[in-house]
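Engineer: Please read through the structure below; I'll follow up with questions.
The values are calculated or read from the model by the stated rules, or taken from the named source; none is laboratory data. Values in this document were obtained by computation on a predicted structure and should not be read as measured data. Don't worry about glycine lacking a Cβ; one is built from the backbone with ideal geometry, like all the others, and counts go over all protein chains shown.
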Amino acid sequence: MIIPITRKRSYLGINTTHKDRLFKFIFGNPEHKEWTLSLYNALNNSHYTNPDDIILNTIEDAVYLGMKNDVSFIVLTAFVLYIWEHQSSFNPNIPIRILIYAAQLYDKYLSDNNIYRYGSKLHMLPKPKCVCFYNGLADEPEERILKLSDAFGGEEGDIEVKVRMLNINYGRNRELMEACRPLKDYAWFIDAVRGHQKAGLSLEEAVDSAVEDMPESSLLKKFLLSNKAEVKGMYLTEYNAEKERSRAIAEGWEEGRAEGRAEGIHENMTRVASDMLKRSYPLEAIMEISRLSEAAIFSLAKSLGLSVNR
């Protein structure tokens, strides 16, 4: 039985070891808990009205697994443990990340409630519900379920984690967007920034233009205008993290070649490029990360029967 949020407090713990991302800045903000509640209601088809029943509780020492492009936060409402994670690029390893987060949060729950874990009495625990909000460039379905058992070759193990991944790019999951106006505004803003970048604007210029272009009716416009410097900083942090990841891959390729292992690393980069092609990543991104030439990528795409997204 789920106890209504209006009768029992909620705890929201944000797991991060790097600068905040925009999604957390909006939906994990103590000054705008009504936006968090709006998204909660949209996901659960509920109608709770008191955002003050949400208590933010940051976990500072969470294991982060080096995934610097993601923001994770956890909602514990009544007797259900909600784990929400945002992804700007598809990551099939989300279930193992969430398994680690959940273990830490259950440990904290036991400690906070003075529960003796070695006793003979069965202690009831909040039921976990896991959601990943995806807004990357690859064309992912509106909804899919990722499982920890996928990493076991699809075979059942004694531990399972299921994550509901929702595509929140603008124009996708329309019913969810209409039920949560802040989420719809967020999706519109991300889409607008990308559009301005494609038109040739720098990242900073694209953010400025997207904020200015937001409809006056947008719930987020005033908030983004008031925090424009922070928003641009978040974008630049994420962009630099992607550059560092690409650089690390490139350095690994160069080191392997120097050690006479270029053939094996080239095979690995080909697998990376194949996966990116299957997920419709743009050509420029595939070239940067895989270090393969344009001709090699087109040849690979032809052999796979795929088209290249320019």
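Engineer: For the condition under 20 Å from Lys24 (Cα atoms) and among the basic types (Lys, Arg), what is the one hit in Lys129, Lys162? Even if it seems obvious, please write down each step before you answer.
Structural biologist: Numbers: Lys162 fails: under 20 Å from Lys24 (Cα atoms).
None of the other options fit; the residue is Lys129.
Engineer: Restricting the first residue to the stretch 127-152 and requiring it to be farther than 21 Å from Leu81 by Cα, which pairs with a second residue that is among the aromatic types (Phe, Trp, Tyr) and at pLDDT below 90 meet a Cβ separation below 8 Å and a spacing of at least six or different chains?
Structural biologist: Within 8 Å, the pairs are Gly136/Phe90; Leu137/Tyr281; Ala138/Phe90; Ala138/Tyr281; Glu140/Phe90.
Engineer: Here's a follow-up. Can we say Leu183 is over 20 Å from the mean Cα position of the chain (by Cα) and surrounded by 15 or more Cβ atoms within 10 Å (Cβ to Cβ)?
Structural biologist: Details: over 20 Å from the mean Cα position of the chain (by Cα): no; surrounded by 15 or more Cβ atoms within 10 Å (Cβ to Cβ): yes.
For Leu183, the condition - over 20 Å from the mean Cα position of the chain (by Cα) and surrounded by 15 or more Cβ atoms within 10 Å (Cβ to Cβ) - is not met.
Engineer: If you check Lys228, Lys232, Lys184, which single one turns out to be charged (D, E, K, R), closer than 30 Å to Tyr82 by Cα and touching a residue at least 24 places away in the same chain (Cβ under 8 Å)? Please lay out each step first, then the result.
Structural biologist: On the way: Lys228 fails: touching a residue at least 24 places away in the same chain (Cβ under 8 Å); Lys184 fails: touching a residue at least 24 places away in the same chain (Cβ under 8 Å).
The conditions single out Lys232.
Engineer: If you don't mind, another one. If you go through the stretch 165-180 one residue at a time, how many are in a strand (DSSP E or B) and either within 19 Å of Thr36 (Cβ to Cβ) or modelled with pLDDT under 95 (or both)? Let's see the steps before the verdict.
Structural biologist: Step one: list which residues in the stretch 165-180 are in a strand (DSSP E or B), which gives 165-167.
Add one more test, that the residue is either within 19 Å of Thr36 (Cβ to Cβ) or modelled with pLDDT under 95 (or both), and what stays is 166.
Residues flagged as in a strand (DSSP E or B) and either within 19 Å of Thr36 (Cβ to Cβ) or modelled with pLDDT under 95 (or both) within the stretch 165-180 amount to 1.
Engineer: Tell me whether the stretch 67-77 contains one or more residues that are at pLDDT 85 or above, part of a loop (DSSP other than H, G, I, E, B) and polar (S, T, N, Q).
Structural biologist: The initial filter retains those residues of the stretch 67-77 that are at pLDDT 85 or above, namely none.
For the stretch 67-77, residues at pLDDT 85 or above, part of a loop (DSSP other than H, G, I, E, B) and polar (S, T, N, Q): absent.
Engineer: Okay, moving on. Suppose the filter is modelled with pLDDT under 85 and under 23 Å from the mean Cα position of the chain (by Cα); does Lys147 pass it? Before you say what the answer is, go through the steps one by one.
Structural biologist: Details: modelled with pLDDT under 85: no; under 23 Å from the mean Cα position of the chain (by Cα): yes.
When the stated conditions are applied, Lys147 does not pass them.
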